[in-house]
There are 2 protein chains.
Amino acid sequence: MAAFDLLGRRWALRVLWELRDGPLSFRELRKRCDDISPTVLNSRLAELRETGVVAAGAAGYELTALGSELLAALAPLDAWARRWAKDAPRARRG
Amino acid sequence: MAAFDLLGRRWALRVLWELRDGPLSFRELRKRCDDISPTVLNSRLAELRETGVVAAGAAGYELTALGSELLAALAPLDAWARRWAKDAPRARRG
DNA sequence: GCATCTGCTACGGTTTATGTAGCGATGATA
DNA sequence: TATCATCGCTACATAAACCGTAGCAGATGC
C-alpha cells in the first residue's frame, strides 16, 4: 500500500485533516497543527500538492477532489479514534 | 484527532497493515516492512502495544480486537490508495 | 559442543523535524 | 511617500528520529 509512504510521515495526516472544513492560509494551517514548524509544513504541502490531494487557491490551501476522497476514506479512522480516545484514555498517557 | 500522533509516524501504519493476515514474528515482520531497522520496529511495536492495538502472543505479534477494528477502519483508505495508484501513477514519480 | 534460529539492543551516521528569526511581497492607512 | 501589519515562505542551528550493521543472550536441534 503505497499511500503509507505519503501518509506515514509526520503531520501529513494532520494537515489533510485540518483542511476538512475548507481552505486555510499557510499561517492559519500552522496554528491548527500545533504550530508545526513552517519548514515541515512547507515540505508536507509540497508533497501533498505533488500527489494532487492539496492545491493552492486564492483562499489558501485546499483539498482537491482527490483530496476530498482521501479525507472521506479517513472518516472511519476518525470514528475509530473517537471510540479509542473515549474507551481507554489511560493506556496512552502513562 | 489524537490517533494521528500514533499513526503519523514512520512505519506505524505499515506494521499494522502487515499484521492483517495473522501473527508474525519479529523477524518476519521486519522482512515484510522492507527490512525496516529493528530499532524502529521495536519502537513502533512498543507504542502499538502500549496503546493496545497490538499484542505479543505465542505465535508472534498480532492485532488485538482493538487493532482489528483499527485495521477495518483503514480499509477505505486502502481502497482509496488502490484507485490513486491506478489513476495517477506518474504524478508521484517524476 | 556446535550450528542455527529467535527477539532484541548497541552504536555510528544520515535524514528529518523543531524553533526562532527574518526576508520580500502585498495591502491598508496616513 | 512612509509606515505598519500581514502574508507565504526560507535560513540556520539544534534536537530528535531513523537507518544499517553487528552482535548478544536465550531457545532448539543435532
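The values are calculated or read from the model by the stated rules, or taken from the named source; none is laboratory data. Source: prediction; values computed, not measured. Using ideal geometry, Cβ is built from the backbone for each residue, glycine included, and neighbour counts are taken over all protein chains shown.
The figures follow:
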item: Matching option when the condition is surrounded by fewer than 20 Cβ atoms within 10 Å (Cβ to Cβ), within 16 Å of DNA strand C (Cβ to nearest atom) and within 12 Å of chain A (Cβ to nearest Cβ), among B:Asp35, B:Asp78, B:Asp5; result: B:Asp5
item: B:Leu41 buried (at least 19 other Cβ atoms within 10 Å of the Cβ) and farther than 30 Å from A:Arg20 by Cβ; result: yes
item: Qualifying residue in segment B:52-59 (condition: within 7 Å of another protein chain (Cβ to nearest Cβ) and either without any contact (Cβ under 8 Å) to a residue 60 or more places away in the chain or not polar (S, T, N, Q) (or both)); result: yes
item: Selection status of A:Glu18, over 25 Å from B:Asp78 (Cα atoms) and charged (D, E, K, R); result: no
item: Residues of segment B:31-71 classified as more than 16 Å from DNA strand D (Cβ to nearest atom), touching a Pro at 6+ places or on another chain (Cβ under 9 Å) and more than 23 Å from A:Asp78 (Cβ to Cβ), total; result: 2
item: Index of the failed condition, B:Leu13 passing every other in (1) exposed (fewer than 13 other Cβ atoms within 10 Å of the Cβ); (2) in contact with a Gly (Cβ under 8 Å, 6 or more places away or on another chain); result: (1)
item: Of the criteria (1) within 11 Å of DNA strand C (Cβ to nearest atom); (2) under 30 Å from B:Glu69 (Cβ atoms); (3) surrounded by fewer than 13 Cβ atoms within 10 Å (Cβ to Cβ), which one A:Ala46 fails; result: (2)
item: Residues of segment B:54-73 satisfying the condition of being within 11 Å of DNA strand C (Cβ to nearest atom) and crowded, with 18+ Cβ neighbours inside 10 Å; result: B:Val54, B:Tyr61
item: Test result for A:Thr51, surrounded by 12 or more Cβ atoms within 10 Å (Cβ to Cβ), farther than 29 Å from B:Val53 by Cα and among the polar types (S, T, N, Q); result: yes
item: Residue satisfying all of: in segment B:52-91; more than 19 Å from B:Leu29 (Cα to Cα) and part of a loop (DSSP other than H, G, I, E, B); modelled with the lowest pLDDT among these; result: B:Pro89
item: Selection count where residues are aromatic (Phe, Trp, Tyr) and at positive phi, scope segment A:1-35; result: 1
item: Segment A:32-43, subset in a helix (DSSP H, G or I) and either touching a Leu at 6+ places or on another chain (Cβ under 9 Å) or aromatic (Phe, Trp, Tyr) (or both), residue farthest from B:Ala85 (Cα to Cα); result: A:Arg32
item: Pairs, first more than 13 Å from every other protein chain (Cβ to nearest Cβ) in segment A:8-31, second in a loop (DSSP other than H, G, I, E, B), C-beta under 6 Å, six or more apart; result: A:Pro23/A:Ala59; A:Arg30/A:Ile36
item: Considering residues of segment A:24-60 that are within 13 Å of the chain's Cα centre (by Cα) and among the acidic types (Asp, Glu) only, the residue farthest from A:Ala12 (Cα to Cα); result: A:Asp34
